[in-house]
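Chemist: Would you mind keeping the following structure in view while I ask a few things?
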Amino acid sequence: MAEIRLENISKVFGENLVVDDVSLTIQDGAFAVLVGPSGCGKSTILRMLAGLEQQTSGNVWIGDKMVNDIPPSKRDIAMVFQNYALYPTMTVKGNIEFGLMNRKVPKKERQRIVEEIAAIVGLTDHLNKKPDKLSGGQRQRVALARAMVKKPKVFIFDEPLSNLDAKLRTQMRTELIELHKKLGTTFVYVTHDQVEAMSMGDEIIILNQGVVQQKDTPSNVYGNPRNTFAAEFIGQPP
Ligand code: ADP
Ligand code: MG
């Protein structure tokens, strides 16, 4: 069970209330997309979910566990960022394997897991390359593979495709949708791009100025925007 629940979450930076009493439930296995304009609090919400930022008030639940006091490494969440930091001196295989070595997984088992994950993300033919020999899309796949090694219940993505060119971005959207189907885990995906949100998510959460405007299926967001902001942001007149 990896249902995610944010319960009356607020975050204040200095004098700014950047997340304002957000309550949300994300179903186990959903592909939830948090979308809204730049600066509206998306990354802050993800960081609180991951435990990288402490909320000013409210509770975060993952499954049936309240995780307020649980550090990021113990939250069963893996993160994929836009600036994926790969180890430049290690091969693709080394990058993927690194987390397994830390956990003292035996060599044979490591080999098996690396091959399995490489096949899923399409890196089988690139395992012996260093990151500087890879394209942007391939590097993004290594970052994904590294996150998958943990076998987390929840993946969170913070604008992971925004550094890629338009064609690759479209291709990676499709790949991520496929990956979500294959893994069956919960994805929480942040973007400021409405088209990306609507084409990827099965739950769309529209955020503005730290407040949830609407949480709904893509077709309901499109067909029944709940307020003017939601309507204009998604591009449908109210
Ligand atoms: P988004 O990801 O939607 O672009 P963020 O969550 O990054 O928005 O930021 C929301 C607001 O919080 C912005 O006004 C940003 O400047 C502010 N903010 C984010 N992180 C910090 C921080 N560590 N200290 C102060 N202000 C911050
Ligand atoms: Mg952000």
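Chemist: Antiparallel DSSP bridges in the chain: what percent, to the nearest 5?
Modeler: 50
Chemist: A further question on this structure: Using only the Cα atoms of the chain, build the gyration tensor, take square roots of its eigenvalues as a ≥ b ≥ c, and label the shape rounded, prolate or oblate: rounded if a/c is under 1.5, else prolate if a/b is larger than b/c, else oblate. Could you put the intermediate results ahead of the total?
Modeler: Numbers: a/c = 2.03, a/b = 1.49, b/c = 1.36.
Prolate, since a/c reaches 1.5 and a/b exceeds b/c.
Chemist: What is the diffusion coefficient of segment 140-238 in µm²/s, taking the Kirkwood radius over Cα pairs and the Stokes-Einstein relation at 25 °C with a viscosity of 0.890 mPa s?
Modeler: Reported coefficient: 169 µm²/s.
Chemist: Still on this structure, please answer the following. Going by Cα centres, segment 50-81 and segment 28-42 are how many Å apart?
Modeler: Distance between centres, Cα-based: 16 Å.
Chemist: Still on this model: Which trypsin sites (Lys or Arg not before Pro) in segment 163-238 sit in a loop by DSSP (not H, G, I, E or B) and have at most 16 other Cβ atoms within 10 Å of their own Cβ?
Modeler: Working: sites: Lys167, Arg169, Arg173, Lys181, Lys182, Lys215, Arg226; in loops: Arg226.
Those satisfying the criteria are Arg226.
Chemist: Under the rule of at least 5 residues apart or a separate chain, name every residue whose amide H is placed under 5 Å from the amide H of Phe157.
Modeler: Counting only residues 5 or more places away or on other chains, the set is Val80, Val188, Tyr189, Val190.
Chemist: Please work out the Kirkwood hydrodynamic radius for segment 1-80, using every pair of different C-alpha atoms, and report it in angstroms with one decimal place. Before the final figure, lay out each step's value.
Modeler: Details: mean 1/r = 0.0775 Å⁻¹.
For segment 1-80, inverting the mean 1/r across all distinct Cα pairs yields 12.9 Å.
Chemist: How would Ser10, Ser162 line up from fewest to most surrounding beta-carbon atoms within 10 angstrom? Before the final figure, lay out the partial values.
Modeler: Working: Ser10 16, Ser162 13.
In order of increasing Cβ crowding within 10 Å: Ser162, Ser10.
Chemist: How large is ³J(HN,Hα) for each residue in segment 155-169, as worked out from phi by the Karplus curve 6.51 cos²θ - 1.76 cosθ + 1.60 (θ = phi - 60°), to whole Hz, x for Gly and Pro?
Modeler: Rounded to whole hertz, the list is 10, 10, 10, 10, 6, x, 9, 6, 8, 9, 6, 4, 5, 5, 4.
Chemist: Tell me the trypsin sites (Lys or Arg not before Pro) within segment 36-142 that lie in a loop according to DSSP and have at most 12 other beta-carbon atoms within 10 Å. Intermediate values should be presented prior to the final figure.
Modeler: Details: sites: Lys42, Arg47, Lys65, Lys74, Arg75, Lys93, Arg103, Lys104, Lys107, Lys108, Arg110, Arg112, Lys129, Lys133, Arg139, Arg141; in loops: Arg75, Arg103, Lys104, Lys129.
Listed in order of number, the matching sites are Arg103, Lys104.
Chemist: Here is a follow-up. For Ile177, Ile113, what's the fewest-to-most ordering of other Cβ within 10 Å of each Cβ?
Modeler: Least to most surrounded, the residues fall as Ile177, Ile113.
Computed from the coordinates by the stated procedures, all read-outs in this text should not be read as laboratory data. These numbers were taken from a predicted model, which means no experiment stands behind them. Note that each Cβ is placed from the backbone with ideal geometry, even for glycine, and that neighbours are counted across all protein chains shown.
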